[in-house]
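For reference, the structure discussed in these notes is given below.
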Amino acid sequence: MMWRGIELQGTNSTLKTNNISINVATEIADAQYGVLVQNGANYIVWKDVIFKNNFIGMQVNGPTFQTRFVTETKFTCNADLLPMYPGQSPQVCSRSYAGMELNNVFNGINIGDATNMTPQVTFEYLNIGILSRFSNPSIF
């Protein structure tokens, strides 16, 4: 059964992923929202992170107060999504809707790395890679 995901709410919430010292990827899978960021929460998603078979891999709602980064990350869907959990809303389709959804993020999200032009963030087998509404992401 699907789960809701990781939710960051407000400027006192922080999520940092990195994988410098071990050779195992961080995987966030089978969630309605792999990571849901709201109200200026802090996040750095970096180094071998895989969002797999989530309805939306990462959703960011509202402004950020510093530049945030998503690099060396993969968003993919290689199977039908799991059944919904009780009371889940909105209803989801059978495949991942979007890798990233950005809503009103107008000051500071970097997707990829301007200093390294090899593929930094990949999107595979999704309906939409990046859905951006009233947002201004920097995509490299």
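The values are calculated or read from the model by the stated rules, or taken from the named source; none is laboratory data. None of these values were measured; they are calculated from a predicted model. Every residue, glycine as well, gets a Cβ built from its backbone with ideal geometry; the counts of neighbours run over all protein chains shown.
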Worksheet item: Given the conditions (1) hydroxyl-bearing (S, T, Y); (2) touching a residue at least 60 places away in the same chain (Cβ under 8 Å); (3) surrounded by 16 or more Cβ atoms within 10 Å (Cβ to Cβ), and given that Y85 satisfies all but one, which numbered condition is not satisfied?
Response: (3)
Worksheet item: When you look at E101, is it surrounded by fewer than 19 Cβ atoms within 10 Å (Cβ to Cβ), outside any loop (DSSP other than H, G, I, E, B) and at pLDDT 90 or above, yes or no?
Response: no
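With respect to Q59, is the statement that it is out of contact with any Cys (no Cβ under 9 Å at 6 or more places or on another chain) and closer than 20 Å to N127 by Cα true? If you could, list the steps in order and put the result at the bottom.
Values: out of contact with any Cys (no Cβ under 9 Å at 6 or more places or on another chain): yes; closer than 20 Å to N127 by Cα: yes.
Against the criterion (out of contact with any Cys (no Cβ under 9 Å at 6 or more places or on another chain) and closer than 20 Å to N127 by Cα), Q59 qualifies.
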Item to complete: Scan the strands (runs of 3 or more DSSP E) fully inside segment 9-94 and keep the ones with 2 or more residues being on the phi < 0 side of the Ramachandran plot and basic (K, R).
Response: 68-76
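Here are V92, V49: which of them is buried (at least 19 other Cβ atoms within 10 Å of the Cβ) and modelled with pLDDT of 80 or more?
Values: V92 fails: buried (at least 19 other Cβ atoms within 10 Å of the Cβ).
Going through V92, V49 in turn, the sole match is V49.
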Practice prompt. Check off (1) at pLDDT 90 or above; (2) basic (K, R); (3) closer than 18 Å to E7 by Cβ for K74 and give me the number that stays unchecked.
Written response: (3)
